[in-house]
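The values are calculated or read from the model by the stated rules, or taken from the named source; none is laboratory data. From a predicted model like this one, the values you see are computed outputs, not experimental measurements. Heads up, the Cβs are rebuilt from the backbone with ideal geometry, glycines too, and the neighbour counts pull from every protein chain shown.
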Amino acid sequence: MKYLHMLGLDTVATILAMVSFLPSLAGAQIAEPPKTAWGQPDLQGVWDFRTITPLQRPEQFGDRAFLTTEEAATLELEAVSRDERLLLASARRTEAGGNVGAYNNFWMDRGTRTIETRRTSLIVDPPNGRMPQQTVAGAARADARREYRANHPADSWSDRSTFDRCILGFNTGPPMTPGGYNQNMQVFQTEDHVVILNEMVHDSRIILLNGSPRSGIESWTGESRGHWEGDTLVIETTNFTDKTRWRGSTSEMTLVERLTRQDDDTLVYEFTVNDPNTWRQPWSAEIPMRLGDQPLFEYACHEGNYSMEGILSGARADERAVP
């Protein structure tokens, strides 16, 4: 699907119509997942988690958990058409950044496919496919952040997001969620360690499997420990810093991720977030990742932090322009 924008829409429509009649691969299992030399399930490879399936179920679908094959094909065709329009428009303007401009749309890589299960959302619990309601304290923090940012967009570098500051990638988490571009991650394994390397910002999470205790030191991506439950790698992460604020979370957030090799080309990624300070109940999502045939490429973010200098200089210029 990555190269469908190079085809005519009539050709794309024919391909998608044919695909829509194929049986769903959801739930397909290989008899025995590939193994490492030391006998663990082999999760290694570069995995692509692009998808047009949204994190939360669009309200138009109500209680429907799955798309029909025809609906999925239509959404995919619309995504291809969208990419063709944006590629043409990118020769004239940079729609990706709105009025101020940003990356040329050529560099955006939002995906053109729904997930193979055809779920209407990546969230699988709660059953309505949407994030649970925030707690009173969580909603109050969110309101306070919005008000502060509206009045103090760039007093200093600390007012900008971790994405602007190239500390965390906006899709790397943890947990990982699709969005924008650089939607690939690579898994490396030894007997006692697993490394998850994200293409975005080249974040590397080193996960110990030897049962060693946690240090208790907080960090941007928390402190992870892993273990095997059958053929599934379970990663439990705590000790997030209160500066991480993933989707409004606090340092009390706990995260459980599961990686399962479903077949030769599919790695099922599941995660459950629990933060009683932010949401009224835990919530979970599932993302089937596809094995890629390309290496990870360098992502330099804004080298030398030139963009941050520009953001702050622009804010100072705005302040001087106020009578």
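See the values below:
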item	result
Residue match in segment 224-237 (condition: assigned to a loop (DSSP other than H, G, I, E, B), touching a residue at least 12 places away in the same chain (Cβ under 8 Å) and within 17 Å of the chain's Cα centre (by Cα))	no
Extreme residue, surrounded by the most Cβ atoms within 10 Å (Cβ to Cβ), among residues of segment 205-242 that are hydroxyl-bearing (S, T, Y) and either more than 28 Å from P33 (Cα to Cα) or touching a Phe, Trp or Tyr at 6+ places or on another chain (Cβ under 9 Å) (or both)	T221
Selection count, segment 190-200, where residues are crowded, with 19+ Cβ neighbours inside 10 Å and of a type outside the set (D, E, K, R)	4
Single condition V194 does not satisfy, out of (1) in contact with a Leu (Cβ under 9 Å, 6 or more places away or on another chain); (2) part of a loop (DSSP other than H, G, I, E, B)	(2)
Filter pass, A142 being touching a strand residue (DSSP E or B) at 6+ places or on another chain (Cβ under 8 Å), surrounded by fewer than 17 Cβ atoms within 10 Å (Cβ to Cβ) and part of a helix (DSSP H, G or I)	yes
Where a residue in segment 174-195 is within 15 Å of I287 (Cα to Cα) and its partner, wherever it lies, is in a loop (DSSP other than H, G, I, E, B) and basic (K, R), with Cβ under 7 Å and at least six apart	P178/R50; Q183/R50
Hits in segment 266-294 - residues which are at pLDDT 95 or above, surrounded by fewer than 17 Cβ atoms within 10 Å (Cβ to Cβ) and not in a strand (DSSP E or B)	P276, N277, R280, Q281, P282
Residue count, segment 295-318 (criterion: of a type in the set (A, V, I, L, M, F, W, C) and either exposed (fewer than 12 other Cβ atoms within 10 Å of the Cβ) or assigned to a loop (DSSP other than H, G, I, E, B) (or both))	5
Qualifying positions in segment 197-222 - assigned to a strand (DSSP E or B) and out of contact with any strand residue (DSSP E or B) (no Cβ under 6 Å at 6 or more places or on another chain)	S219
Any hit, segment 242-260, residues being of a type in the set (V, I, T), modelled with pLDDT under 95 and over 16 Å from the mean Cα position of the chain (by Cα)	no
Which numbered condition D63 fails, given (1) in contact with an Asp or Glu (Cβ under 8 Å, 6 or more places away or on another chain); (2) closer than 25 Å to W279 by Cα; (3) among the charged types (D, E, K, R); (4) modelled with pLDDT under 95	(1)
Matching residues, segment 155-173, being of a type in the set (S, T, Y) and either buried (at least 16 other Cβ atoms within 10 Å of the Cβ) or touching a residue at least 12 places away in the same chain (Cβ under 8 Å) (or both)	S156, T162, T172
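Yes or no, residue by residue, for (1) within 24 Å of T237 (Cα to Cα); (2) in contact with a strand residue (DSSP E or B) (Cβ under 9 Å, 6 or more places away or on another chain); (3) among the hydrophobic types (A, V, I, L, M, F, W, C); (4) modelled with pLDDT of 95 or more:
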{"residue": "R118", "(1), (2), (3), (4)": "no, yes, no, yes"}
{"residue": "L122", "(1), (2), (3), (4)": "yes, yes, yes, yes"}
{"residue": "D125", "(1), (2), (3), (4)": "yes, yes, no, yes"}
{"residue": "N128", "(1), (2), (3), (4)": "no, no, no, yes"}
{"residue": "T135", "(1), (2), (3), (4)": "yes, yes, no, yes"}
{"residue": "E147", "(1), (2), (3), (4)": "no, no, no, yes"}
{"residue": "H152", "(1), (2), (3), (4)": "no, no, no, no"}
